[in-house]
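No value in this document is a laboratory result; all are computed from the given coordinates. Worth saying up front: this structure is predicted, and the values here are computed from it rather than measured. For neighbour counting, all protein chains shown are included, and Cβ atoms are generated from backbone atoms with ideal geometry for every residue, glycine included.
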Amino acid sequence: MKLQSTYALLDVKNGRVALRKALFKRDKISVVIHGTIDSEFGYDDGESQEFNMTVAKIETTKEPKP
């Protein structure tokens, strides 16, 4: 299955203050998110649909990913 997305919303608990400070110093922070998509959120509007994801691990990377 091939998935494509241009947007995600991340709820950060641990590290949120450090993340906010880092974003203040630079434009973007690259991450890799590992998790499981477990349910639908909202409805298909003909262009996209949102889904809930349980995050297992977040890794920050040095280089921005396209």
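Across segment 51-61, computed HN-Hα scalar couplings (Karplus, 6.51 cos²θ - 1.76 cosθ + 1.60, θ = phi - 60°) run 9, 7, 9, 8, 8, 8, 7, 10, 10, 8, 10 Hz from first to last residue, x flagging Gly and Pro.
Magnitude of the charge dipole for the chain, about its Cα centre and with charges confined to Cβ atoms of Lys, Arg (+1) and Asp, Glu (-1), is about 760 debye.
As a rough footprinting exposure proxy, the listed residues 6, 61 were ranked by other beta carbons within 10 Å of their own, and the order from fewest upward is 6, 61.
Starting from the Cα gyration tensor of the chain, take the square roots of the eigenvalues, sort them a ≥ b ≥ c, and report rounded, prolate or oblate (rounded when a/c is under 1.5, otherwise prolate if a/b is larger than b/c, else oblate). Prolate, since a/c reaches 1.5 and a/b exceeds b/c. Dividing the summed -39500 (n - 2.57) terms of all DSSP H runs of n ≥ 4 by the residue count of the chain sets its mean residue ellipticity at 222 nm at -4500 deg cm²/dmol. Only lysine pairs 8 or more places apart, or on different chains, with alpha-carbon atoms under 17 angstrom apart are counted in the chain, and they number 6.
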